[in-house]
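Since the structure comes first, as structure tokens, the remarks are kept for the end.
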Amino acid sequence: MTRALLPRPRQVSTTPGARLDDADAFRLDRSTTIAAPSALLGVAEWLAAEVRPATGLPMAVVETDPRTATDASASGGIRLALDADLGEEAYRLRVDGSGIEVTGGGPAGVFRGATTLLQLLPPAIHRRARVEHASWEVAAVELADEPRFGWRGTMLDVVRHFMPKRDVLRFIDLMAMHKLNRLHLHLTDDQGWRMQIHRYPLLTEVGAWRHESQIGAHPDGAGDGRPHGGFYTQDDLREIVAYAAERFVTIVPEIESPGHVQAALAAYPDLGVRDVEPGPLDVWPRWGIDENVLNAEESTVQFFLDVFDEVMDVFPGPYIGVGGDECPRDQWRESPRVQQRMRELGLADEASVQAWFIGRMAARLAERGRRVFGWEELLEGELVGDAVIASWRGAAAAAIAARRGYDVVACPDDVVYLDYRQSDAADEPIPVSVPITVLDAYRFDPVPVGLDDRAAQHVIGGQANLWTEYMDSSRTVDFFAFPRLCAVAEVLWSGPGGNEADFLGRLDGHLERLDALGVEYRRAAGPLPWQRRPGIPGRPETREERDRHVAALVAGLAGA
């Protein structure tokens, strides 16, 4: 199955002429154990749990002495080991007739190697019940592998349509299978607030529910008349964080501010610009950009500082998302009180209000050893130097951020926004913006052309973004994410510029794994009948229309 490995390993060598029934192949049987030092027992238990259901084998885990180069308990089995000379996520994998060895620079590297080992087994290994008459053999092979980028991510929007916890955990499994390691979890927006905050319970009691959702993308589209909502308790989120950590995926939570906040304003109206919009407001049932924003009062700043304190208590990772995108400034411009506050604070213009607010959040995050993660619009004002910028408006914006010395996560909308339509065909469900095919996603290069080496080092990776206005179930998320996310995962792990024909050939084999897992991916021939949404309008654009719009936005950014 080496022909179907995905992402593509850096180095692969097989025994010439080896066949699965050769002495050089290794067969899993009831005597097979997984031997590992104490630092790798978690990885070993995970691997055993992945192998047991389909094979019916016990796969006992045996602790080894890390000071011993070889261990008798690993003979005829799978041995996990560490090698400090490798990078943290790098690994080597060796299979021969005597057993299997997976060696990594750290536990994350061993885990990545273990996911590759599963791909060397038949696709049926991913089924959750015993598969009869299967041969669980691994051909002789030697692999050496390491990632091209440190940030290999997916943004999952659980606001526009809520995703139950079980589906988030399943999505994390699919990420780990593809060696992705950052889940940017979009938790709040105009259409809902999805994280329990103990100090402000109305954020979920009120803000987690909207009375209906817009149908389709037309500005005047009707509502569906169906309430929608849900939220995660802090215990839920701690479980998600721990589950992800066991698979070496870091959760990056995002709390939107100072725009995209109408769900918070519905719960706590005093956070809004009351002399312009006195309220009351509902949780917004529409898509797009809402004009309602936070005010500039110190009490509002304190409210969000309290929120971020609870966010940091739940999410231990180094990055905390503060939003910062698509923040209208009309209410600040029209509000006498906000104008007064600007004079009190010495702020030159409305853009400075956003920079001041984000700066206050950034200072609190820094006090607790965290880094701001935010959208590229943060560059329109003064920003703390260690912020990480998610650059979404094409390669030009990523280049601007990198040249200014900010670390950049590239997620250009025309290549890796996986809510965009997948072809020009009329049967694509609720078609959004420009078509992005599997090969378009495979041509993603996080590093903009023309960056010098110093600036290029600031591009720490990339991610694919899944906005869920038109994805009302995990089945629909599957359709939009896969197999395009497979292509993005390979680019971020193996590096851009791979052989497209080779990738497509390996992808064909990889789809058998997705079939075994029950992933309802989009077929190359187009959506299946139940994946279509006939009669619901989208908002398709041509490439020329999209490029003109984005160029105008980036021109403003360049002048900031």
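Worth a mention:
- Residues satisfying the stated conditions in the range 426-446, i.e. in contact with a helix residue (DSSP H, G or I) (Cβ under 7 Å, 6 or more places away or on another chain) and polar (S, T, N, Q): S433
- Failed item in (1) part of a helix (DSSP H, G or I); (2) touching a residue at least 12 places away in the same chain (Cβ under 8 Å); (3) of a type in the set (G, A, S), with G462 passing the rest: (1)
- Taking the range 217-233 as the range and being of a type in the set (G, A, S), surrounded by fewer than 19 Cβ atoms within 10 Å (Cβ to Cβ) and assigned to a loop (DSSP other than H, G, I, E, B) as the test, the residues that pass are G221, A222, G225, G230.
- Of the residues making up the range 430-459, those that are hydroxyl-bearing (S, T, Y) and buried (at least 20 other Cβ atoms within 10 Å of the Cβ) are S433, Y442.
- For A242, the criteria (1) outside any loop (DSSP other than H, G, I, E, B); (2) surrounded by 14 or more Cβ atoms within 10 Å (Cβ to Cβ); (3) out of contact with any helix residue (DSSP H, G or I) (no Cβ under 8 Å at 6 or more places or on another chain); (4) among the hydrophobic types (A, V, I, L, M, F, W, C) hold in every case but one, which is (2).
- Count of residues meeting criterion [outside any loop (DSSP other than H, G, I, E, B) and either over 27 Å from the mean Cα position of the chain (by Cα) or closer than 27 Å to Q214 by Cα (or both)] in the range 523-557: 18
- If the condition is being outside any loop (DSSP other than H, G, I, E, B) and within 30 Å of T115 (Cα to Cα), then the range 186-211 contributes only H186.
- Residues of the range 333-381 satisfying the condition of being free of Cβ contacts under 8 Å to residues at least 40 places away in the same chain, closer than 20 Å to E256 by Cα and in contact with a helix residue (DSSP H, G or I) (Cβ under 8 Å, 6 or more places away or on another chain): E350, S352, A355
- The listed residues are D330, D290, D236, and the only one of them that is surrounded by 18 or more Cβ atoms within 10 Å (Cβ to Cβ), touching a helix residue (DSSP H, G or I) at 6+ places or on another chain (Cβ under 9 Å) and of a type in the set (D, E) turns out to be D290.
- Scanning the range 495-520 for residues that are farther than 24 Å from E50 by Cα and not aliphatic (A, V, I, L, M) yields G495, P496, G497, G498, N499, E500, D502, F503, G505.
- All of E132, E137 fail the test of being in contact (Cβ under 8 Å) with a residue 40 or more places away in the chain and surrounded by fewer than 22 Cβ atoms within 10 Å (Cβ to Cβ), apart from E137.
- D22, sole failed condition from (1) assigned to a loop (DSSP other than H, G, I, E, B); (2) modelled with pLDDT of 95 or more; (3) of a type outside the set (K, R); (4) under 30 Å from L507 (Cβ atoms): (2)
- Residue check, V301 of a type in the set (A, V, I, L, M, F, W, C), assigned by TED's automatic domain parsing to the domain that holds D472, buried (at least 22 other Cβ atoms within 10 Å of the Cβ) and farther than 28 Å from A108 by Cα: no
- Scanning the range 79-117 for residues that are under 24 Å from the mean Cα position of the chain (by Cα) and among the hydroxyl-bearing types (S, T, Y) gives Y91, T115, T116.
- With respect to being crowded, with 21+ Cβ neighbours inside 10 Å and outside any helix (DSSP H, G or I), F111 falls outside the description.
- Residue match in the range 387-410 (condition: of a type outside the set (D, E, K, R), closer than 15 Å to V550 by Cα and part of a loop (DSSP other than H, G, I, E, B)): yes
- Residue match in the range 391-403 (condition: surrounded by fewer than 24 Cβ atoms within 10 Å (Cβ to Cβ) and at positive phi): yes
- Within the range 32-57, the residues that satisfy the criterion of being aliphatic (A, V, I, L, M), assigned to a helix (DSSP H, G or I) and touching a residue at least 12 places away in the same chain (Cβ under 8 Å) are A39, L40, L41, V43, A44, L47, A48, V51, A54.
- Exclusive hit being in a strand (DSSP E or B) and of a type in the set (A, V, I, L, M, F, W, C), set L174, L183: L183
The values are calculated or read from the model by the stated rules, or taken from the named source; none is laboratory data. None of the values given here were measured: they were computed from a predicted structure. Here the Cβ is made from the backbone with ideal geometry for all residues, glycine too, and neighbour counts use every protein chain on show.
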